Amino acid sequence: MLHGRYSGNAFEKRFLPRLTSREIELLDKENALVILPIGAVEQHGPHLPVYTDTLIGEGLLAEALNLIPEEDVWVLPSLPYGKSTEHLGLSGTITLSSATLQAVISDIAKSVSESGFNKLLLFNTHGGNHDLLNMMAREVRIETGMNVFRLNPDYSVISSLISEKEQKYGIHGGEVETSMVLALKEAWVDMELSPTEFVQLPENTQHLYLKGNSYFAWVMKDISSTGIAGDAASATIEKGEQILQLVSESFASAIKEMIRFDLQTIKGSM
């Protein structure tokens, strides 16, 4: 019954847990990159599954690995729970505390290092994990000595596909995420219930935003009545397929660069 679930290049050729302990021991690990996908289980409005962030991460990873089938990269099972405390009180949100997520990341990273690997990518698809994973990447570097990378999907490559308003304010459950889930798992989306809602910042706001260098702390109930921020009603399968293609191409390019990267070579000479 699980043949369809564990299929394709990502699972048949690059899924590290499908190997035996002996096979993993014998792998050439000099430049091998291990990817830990980290998502979330949290509300995404009345139309999307709570598994949205994790599903998008798995979909992007599968597409990216199809573009680089011969590269030296290995994938761990997705960590489906993240720090989703901003969505607490909204049904279906299952969150880890920041301390728990830090401990889990640290333990997994140490185990990867103990298996002889030297490169680890924390691949994140949930905005609420962002700051914590930036910090943890450095902590893992200090604790293990590994080359550690952090990556969010690069949505700047889809600027021609969505409006400027969506690019700036469509941060959760909007047109981009809804289109991607439609392309990945159409039956999991209820487009009849897809809302459109944008945060209403004062017109003279110049420095404060929902994220970035100058922002205010918020939880979802502060900024949304529907549980989303964006124009989900404008989402389409076709747009989702385009987004997946463009973002996964950028992802594949980044993976190849990480495999070639060596932290020991970048220090300038005196």
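The values are calculated or read from the model by the stated rules, or taken from the named source; none is laboratory data. Keep in mind the model is a prediction, meaning the values are calculated, not measured. In this analysis, Cβ positions are derived from the backbone assuming ideal geometry, glycine residues included, and neighbour counts consider all displayed protein chains. Side chains included, ligands, DNA and RNA excluded: accessible areas come from the protein's heavy atoms. Shrake-Rupley method; radii C 1.70, N 1.55, O 1.52, S 1.80 Å.
So the values come out like this:
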item: When residues of the range 117-146 are limited to those that are farther than 27 Å from L27 by Cα and small (G, A, S), the one surrounded by the most Cβ atoms within 10 Å (Cβ to Cβ); result: G128
item: Residues located in the range 84-113, provided they are open to solvent by 30 Å² or more (accessible area, probe 1.4 Å), of a type outside the set (S, T, N, Q) and more than 21 Å from R141 (Cα to Cα); result: L88, G89, L90, G92, I94, L96
item: Only listed residue being outside any loop (DSSP other than H, G, I, E, B), at pLDDT below 95 and under 20 Å from N152 (Cα atoms), chosen from A10, A109, A64; result: A10
item: Answer from Q200, Q167 - the residue that is surrounded by fewer than 21 Cβ atoms within 10 Å (Cβ to Cβ) and not in a loop (DSSP other than H, G, I, E, B); result: Q167
item: Matching residues, the range 25-43, being over 16 Å from I259 (Cβ atoms) and either open to solvent by less than 10 Å² (accessible area, probe 1.4 Å) or out of contact with any Gly (no Cβ under 8 Å at 6 or more places or on another chain) (or both); result: L26, P37, I38, G39, A40, E42
item: Answer residue from the range 212-260, given it is part of a loop (DSSP other than H, G, I, E, B) and of a type outside the set (G, A, S) and is least open to solvent (accessible area, probe 1.4 Å) among those; result: I228
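Listed here are the residues, each with its yes/no results for (1) more than 11 Å from A235 (Cα to Cα); (2) of a type outside the set (A, V, I, L, M).
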site: G174; (1), (2): no, yes
site: M180; (1), (2): no, no
site: L184; (1), (2): yes, no
site: W188; (1), (2): yes, yes
site: F198; (1), (2): yes, yes
site: P202; (1), (2): yes, yes
site: L208; (1), (2): yes, no
site: G212; (1), (2): yes, yes
site: F216; (1), (2): yes, yes
